[in-house]
1. Which number in (1) at the interface with another protein chain (Cβ under 8 Å from one of its Cβ atoms); (2) touching a residue at least 60 places away in the same chain (Cβ under 8 Å); (3) buried (at least 20 other Cβ atoms within 10 Å of the Cβ) marks the one condition that residue C:245 misses?
2. Just the residues that are within 13 Å of chain B (Cβ to nearest Cβ), within 22 Å of residue C:59 (Cβ to Cβ) and surrounded by 19 or more Cβ atoms within 10 Å (Cβ to Cβ), please, taken from segment C:122-132.
3. Of these, A:203, A:155, which one is part of a helix (DSSP H, G or I), within 7 Å of another protein chain (Cβ to nearest Cβ), surrounded by 13 or more Cβ atoms within 10 Å (Cβ to Cβ) and free of Cβ contacts under 8 Å to residues at least 40 places away in the same chain?
4. Being more than 10 Å from chain A (Cβ to nearest Cβ) and surrounded by fewer than 24 Cβ atoms within 10 Å (Cβ to Cβ) is the requirement here; does residue C:265 meet it?
5. So, restricting to helices (runs of 4 or more DSSP H) that lie completely within segment C:142-189, which ones have at least 3 residues that are crowded, with 19+ Cβ neighbours inside 10 Å and touching a residue at least 24 places away in the same chain (Cβ under 8 Å)?
6. With respect to the numbered conditions (1) surrounded by fewer than 18 Cβ atoms within 10 Å (Cβ to Cβ); (2) more than 20 Å from residue A:145 (Cβ to Cβ), which one is the sole condition not fulfilled by residue B:172?
7. Name the residue, out of C:82, C:111, that is in contact with a helix residue (DSSP H, G or I) (Cβ under 9 Å, 6 or more places away or on another chain) and at pLDDT 95 or above.
8. Quick one: what pairs do we get from segment B:8-34, first residue more than 7 Å from chain A (Cβ to nearest Cβ), second loosely packed, with under 13 Cβ neighbours inside 10 Å and modelled with pLDDT of 90 or more, C-beta under 9 Å, 6+ apart or different chains?
């Protein structure tokens with residue numbers, strides 16, 4: 001009899017190793033792992049959609065109809081719209097799918113639009129209004145940096161309105177101020193992107209470490225066998241070339 | 001008439017729902033009206049949840065169609081992996097439906113669509129490790145890019161490199177051995193210059209969202225409807 | 001001449017780089033270096049917030065929005081936070097707006113079985129499962145959880161769960177923790193939970209997305225942030241339960257040193273070739 005948990009652990013290790021083998025060369029085991037992944041992912045997303053529909057709509061309608069139908073009868077409308085999404089495969093009635101997409105897009109946009117002005121703009125601007133003088137020199141320096149880099153970054157992204165340098169004429173003070181802010185913005189953003197690069201490495205290496213600890217280390221024989229199979233496949237494909 | 005139902009009615013739905021969504025949030029007349037508006041707003045959110053679920057199903061069906069077409073065109077010998085994809089998709093959906101049946105037939109067993117044992121086995125041993133590997137394979141390319149592409153050619157690039165080095169040493173325990181100050185310096189970089197650097201990006205993203213919403217509202221944005229007229 | 005060219009080609013080959021990276025990650029895990037870790041001020045601030053502001057019996061909403069791949073970075077944070085919250089006597093409602101949250105939560109429970117021991121499902125913690133809809137679902141849950149979903153992940157009706165009789169909407173919670181591998185999730189909760197209802201938010205984020213959500217923390221829209229594996233390891237030290245976070249830090253150190261070496265060597269090689277070709281061109 002197969003021990004399914006052990007077999008599953010072997011499959012997991014093999015899937016990880018075969019997908020990593022793509023970094024070295026494309027090979028037949030990578031293709032197998034990739035297609036298995038796509039099939040499983042598609043099946044899982046369908047299952048989750050059914051689960052969501054069941055919990056939000058179907059189960060309440062079946063188990064507690066007396067409370068569901070008077071208050072939530074309108075759920076039938078998005079259900080019909082959802083079924084109409086399959087009309088996208090029809091050459092003649094493809095436009096029926098647009099109604100459901102319209103609802104989704106509009107709700108998402110509306111939800112974002114009504115809170116973005118406060119959360120993304122007003123709060124960020126008010127957080128940039130900080131005291132530029134005070135008793136604590138470190139806090140004052142931090143505040144100056146915060147304000148200058150924020151304004152500099154906004155200046156950098158301003159593509160339409162900026163002082164022009166007239167031919168032969170001496171540039172205006174406004175032009176110098178704009179260019180100073182522009183370069184502060186660039187250097188400030190370089191600091192941000194440097195931090196982003198360092199954190200990217202941390203995240204990706206963290207993924208690698210956790211995968212090794214969870215899937216590969218417990219099943220090292222399966223890992224070694226899968227690696228040998230992938231190596232043989234790569235060498236054979238190189239020989240064919 | 002046909003252009004009206006194909007093009008204008010969906011756009012009208014978008015405009016009406018966006019206006020309603022904003023009105024439900026900001027409009028206040030009195031408490032009973034506010035309560036009604038809150039209920040209507042929640043209903044709108046629930047509609048999106050239901051439609052999203054159907055969209056996921058359509059996505060899965062799309063993959064099925066693609067691979068079936070591939071097998072029909074190229075034959076099973078040329079497209080054996082498509083058969084693997086279709087088989088796994090079908091097996092997982094069937095197992096989910098079995099779980100669904102048991103959730104009604106025997107609720108006390110605690111089996112639902114996503115907790116059906118064989119379904120969970122397939123997810124945990126095929127999807128989860130493959131998904132993890134797909135995400136983490138980027139680390140190889142980042143390491144390769146560090147050697148081959150990260151070139152310091154000008155002062156801004158040098159500043160980027162210096163910041164990256166400081167934050168990398170602050171992120172790791174070995175940086176603390178070299179100089180304990182790296183941790184504090186990393187925290188300072190993250191809270192002051194980094195916050196300031198990403199604030200214009202956050203503001204810009206907010207402005208972009210508002211502009212996109214206004215374009216949808218005024219029927220200027222029609223790419224969501226697809227290419228056909 | 002041809003020997004140095006082929007050696008150079010070998011040293012520059014990407015396969016060698018990949019293999020060195022794998023060795024730098026695997027070796028310290030097999031033979032740990034035991035490098036000590038210092039706790040950063042930001043992690044301590046999060047720990048102090050929970051210590052000082054949450055009382056026994058408080059309610060916490062915990063969003064699990066990371067895939068299995070991100071377990072290495074976020075699970076140490078989630079486990080340590082869960083331990084801290086349970087030690088404080090808090091009750092937790094776990095939710096996931098991501099389809100993979102269900103499996104991740106099950107893996108979390110199996111990894112941290114000792115933390116959930118002694119805690120009763122339905123009374124001390126509940127897992128609502130996957131709620132489809134993204135920001136719409138977040139908005140809907142903020143208004144009414146029972147109005148959004150009628151059962152938990154295991155098919156139990158919410159009315160039958162004692163914890164769910166105590167909480168239903170955003171303002172019923174004392175803290176919302178979001179552990180996410182995507183930037184959008186934080187924005188959803190800032191927009192749909194903090195902005196309308198002023199519920200305190202706490203972020204646990206991947207290192208890669210921390211820079212982009214830092215503005216929310218700077219604008220005080222979140223009370224604090226735990227960033228990546230390092231913060232997870234620090235929090236494990238603070239709550240007294242070492243786990244995946246600490247186990248990974250040595251490997252993080254060696255791999256980071258390797259990447260730094262790659263950058264330095266790459267630039268040295270580039271500039272030496274550029275300067276020598278300029279000299280040759282100058283003649």
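The values are calculated or read from the model by the stated rules, or taken from the named source; none is laboratory data. Because the structure is predicted, anything quoted here is derived from the model rather than measured. Reconstructed Cβ throughout: ideal geometry from the backbone, glycine too, with neighbour counts over all protein chains shown.
1. The one condition residue C:245 does not meet is (1).
2. Within segment C:122-132, the subset within 13 Å of chain B (Cβ to nearest Cβ) is C:122, C:127-132.
This time we only want the ones that are within 22 Å of residue C:59 (Cβ to Cβ), so: C:122, C:127-131.
Within segment C:122-132, C:127, C:128, C:129, C:130, C:131 qualify.
3. Numbers: A:155 fails: within 7 Å of another protein chain (Cβ to nearest Cβ).
Result of the check over A:203, A:155: A:203.
4. yes
5. Values: elements: C:145-148, C:162-166, C:183-189.
Fully inside segment C:142-189 and qualifying: C:183-189.
6. Condition not satisfied by residue B:172: (1).
7. On the way: C:111 fails: at pLDDT 95 or above.
So the residue among C:82, C:111 that is in contact with a helix residue (DSSP H, G or I) (Cβ under 9 Å, 6 or more places away or on another chain) and at pLDDT 95 or above is C:82.
8. B:15/B:218
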